[in-house]
1. Tally up the residues in the stretch 51-85 that are in contact with a Lys or Arg (Cβ under 9 Å, 6 or more places away or on another chain) and charged (D, E, K, R), please.
2. Restricting attention to helices (runs of 4 or more DSSP H) lying wholly within the stretch 111-207, give those where 2 or more residues are under 19 Å from residue 91 (Cα atoms), touching a residue at least 24 places away in the same chain (Cβ under 8 Å) and of a type in the set (S, T, N, Q).
3. Please specify each residue of the stretch 51-63 satisfying the condition of being within 16 Å of the chain's Cα centre (by Cα) and surrounded by fewer than 20 Cβ atoms within 10 Å (Cβ to Cβ).
4. If you go through the stretch 102-114 one residue at a time, do you hit one that is small (Gly, Ala, Ser), in contact with a Gly (Cβ under 6 Å, 6 or more places away or on another chain) and surrounded by fewer than 22 Cβ atoms within 10 Å (Cβ to Cβ)?
5. Give the stretch 70-92 a look and list any residue that's of a type in the set (A, V, I, L, M, F, W, C) and assigned to a loop (DSSP other than H, G, I, E, B), or say none.
6. Would you point out which residue out of 109, 115 is of a type in the set (D, E, K, R), over 19 Å from residue 167 (Cα atoms) and modelled with pLDDT under 95?
7. Quick test for you: out of 46, 39, pick the one residue that is farther than 14 Å from residue 88 by Cα and surrounded by fewer than 17 Cβ atoms within 10 Å (Cβ to Cβ).
8. Name the single residue, out of those in the stretch 16-52 being small (Gly, Ala, Ser), assigned to a helix (DSSP H, G or I) and in contact with a helix residue (DSSP H, G or I) (Cβ under 7 Å, 6 or more places away or on another chain), that is farthest from residue 99 (Cα to Cα).
Amino acid sequence: MKYSHLLSLALLPLCLFAGPLHDAAEKGDLNAVKVLVSKGEDIDAKNKQYAQTPLQVAVFNEHSDIVKFLIKSGADVNSKMNNGHTGLHTAAFFGDVKSVTFLLQAKADVNAKGDNGVTPLHRAAEGGDTETIKILLANGAQINALTKDLATPLHVAAYLGNTKAVEFLIKNGADLNAKDANGNTALQEAKDAKELKTIEAIEETQK
């Protein structure tokens, strides 16, 4: 897939976590998380396979109550996994508005870049949730941020056929003329992927 590099951690397999706090965060056991934190478990410890903290595990499993608690307990919201992505990247992909909000309120970097240049807005465009995109933009996300392949969030949304996300990004100033490393605009990406509704939506804005 053309943007497979964006999807590298979209669906992580279950793995051996670093310790009991990771395990409790994965299971969604808030009481256990509270007990472990009160006993001094390392709140920012990373598991071996993905370099995830308990906060990132909670974000991945959409346990927003645990995300909120760990943030209030001092968890590092800008800690990066081994692909350079933060918890905000993951929350943005899933369209987990609560976790996205908690993370941004705690000063998570809205324009943090992964190793491939992907920002949380790229991941939100990939997931397709317009409410998440709206929140990220309201908090300073760069609408035309570029990956290492020069893809904007609009390129990503267009290629994946996330038409509502495409329409929302264009409405909010996304550059329709931006070209990726292959010289393609978002419209060409949609055409390459044969995403007919998205093609129609983009062409409608150009009339």
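1. Count: 3.
2. 130-138
3. Hits for the stretch 51-63 are 61, 62.
4. No: the stretch 102-114 contains no residue that is small (Gly, Ala, Ser), in contact with a Gly (Cβ under 6 Å, 6 or more places away or on another chain) and surrounded by fewer than 22 Cβ atoms within 10 Å (Cβ to Cβ).
5. Of everything in the stretch 70-92, those that are of a type in the set (A, V, I, L, M, F, W, C) and assigned to a loop (DSSP other than H, G, I, E, B) turn out to be 75, 77, 81.
6. 115
7. 39
8. Applying the filter and picking the extreme gives 32.
The values are calculated or read from the model by the stated rules, or taken from the named source; none is laboratory data. Everything quoted here is computed from the prediction, not taken from an experiment. A quick note on method: Cβ atoms are made from the backbone with ideal geometry, for glycine too, and the neighbour counts reach across all protein chains shown.
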